[in-house]
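Everything below concerns the one structure shown next.
The values are calculated or read from the model by the stated rules, or taken from the named source; none is laboratory data. Because the structure is predicted, anything quoted here is derived from the model rather than measured. Backbone-built Cβ (ideal geometry, glycine too); neighbour counts: all protein chains shown.
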Amino acid sequence: MPVDDDVLLASQDERDAMLAELAALVAGGGYEHLVLAPLIGAEPTYFPDHWAGGSASVVRMLRRLFVYADLESLRARAVIEPDIGLGPMSPAGVGAPAWFDKFEGDKVTGKTALVGVRESSLRDPAQLASALARVTAEVWRAHHGLAVVDNIREQRGVDVAAIYLGFGRLTVGSALRHGIERSGARPRANTTRLGVLPPRTLAFVLAAQIHVRELDADARRQLGRELGGNTQAFFETALAWHDRNQAGLHELLRIPPRADWSAPPSLSLLTAPLTDDEDAGDESAAESRHDGDRGVLGMNVGRPVFRVERSKARRLARMLGLPVLLLGMLAGRMQMGVEFEMWKALTIAGALALAGLAIGRMFPDVRCSEPRCGEPLKPGAATCPRCGGQIVGAITHPKERLAAEEEYASKSAGARDAGGPG
């Protein structure tokens, strides 16, 4: 094996485990999904349903995915959960962009899959489609009695099932994403994960599916470009490995000869209008939107913040003295045909700065301690009107915020341990 393959290809143990998992899925759900299902992407071709940014839109997207997974007998209900309280984005389970909660109902009334959705994930429907595709794989396993008690094993199985069902274009490319988060005052680097298997292991499973489908070279290259970055390298290396070593993969996975395959499903039938869609005939039907980026607004509801109590002395000093100093420096460089004495500009700037210091001491400057907020606070305010944080104390400089938060958390924990309100 070339040295590069050691880095780009899943380990022998992982390869054996993934092929065994695929074989189990084929044994439990048939070979058709693995080799005949359309490879779903986040394009309108596969998701033609109306999107309005609310729970009804999420349900439509889920039901479309249920059609692809042969789960039309199930209904779906989506609960939009605010990000506050969920913590950082998790790759799977509660706190992920979307997660499967449980089944509601029974065989008589019909089963409904209850799905939780993180509110912020609705801002990017394409990325949400990837998360809901993985949720659909988890629902599919539970519906067919394939789920296991061990949560780690189950989540690994969900990752493989998503590829088996034809969702690999969605989930493998979203397993690890690097981007920029632009909410708040400054853009920040952001990394998101979907699923628990590493990208190179997922790429190996996807390459196995492409190998048994016998796609042509152009289709393989196009799929690799869609995955992009390191995942593309993982996929292309795994695909080359399958081509070299897996002549018997069809037999290993118990896939019949190609001549015996059924006809692939018609995409036009799979994307036909959803039945019993409440707003199918009215795209302007009222739907509460959750896909707006509120930025700082409400970001700290229920969380402690502090009053930063300072005077306006330094701010006024800069406002009065700095412009004169800068103009003096500019005039000194330009000379403007007249004799210019820099010391005069310095004297005036200094006098104005001193005046600003003196006047500013008489005016308090009270602001929210949240770095991305900094909203001016009125005397006696209990909450910040912008970020919604609960004002629990006062500090004299923004740099004291972290220490104050730690002290407040420690005191609150001590009060709870003692039986107090905290």
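Here's the yes/no breakdown for (1) outside any loop (DSSP other than H, G, I, E, B); (2) at pLDDT 95 or above; (3) farther than 19 Å from residue 273 by Cβ:
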residue	(1), (2), (3)
16	yes, no, yes
27	yes, no, yes
51	no, no, no
62	yes, yes, no
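Which residues, counting only those in segment 130-144, are more than 15 Å from residue 102 (Cβ to Cβ) and more than 23 Å from the chain's Cα centre (by Cα)?
Within segment 130-144, just 144 meets the criteria.
State whether the residues of segment 8-28 include one that is exposed (fewer than 15 other Cβ atoms within 10 Å of the Cβ), in contact (Cβ under 8 Å) with a residue 60 or more places away in the chain and not hydrophobic (A, V, I, L, M, F, W, C).
yes
Of the residues 148, 139, 117, only one is in the same structural domain as residue 65 (by TED's automatic domain parsing), modelled with pLDDT of 90 or more and in a helix (DSSP H, G or I); which?
139
Can you tell me which of (1) modelled with pLDDT under 70; (2) in contact with a helix residue (DSSP H, G or I) (Cβ under 7 Å, 6 or more places away or on another chain) is the one residue 333 doesn't meet?
Only one criterion is unmet by residue 333, namely (2).
Quick one: count up the residues across segment 84-110 that are under 14 Å from residue 136 (Cβ atoms) and either within 20 Å of the chain's Cα centre (by Cα) or among the basic types (Lys, Arg) (or both).
The total comes to 7.
Looking at segment 352-362, can you tell me whether even one residue there is modelled with pLDDT of 85 or more and assigned to a loop (DSSP other than H, G, I, E, B)?
Looking through segment 352-362, none of the residues is modelled with pLDDT of 85 or more and assigned to a loop (DSSP other than H, G, I, E, B).
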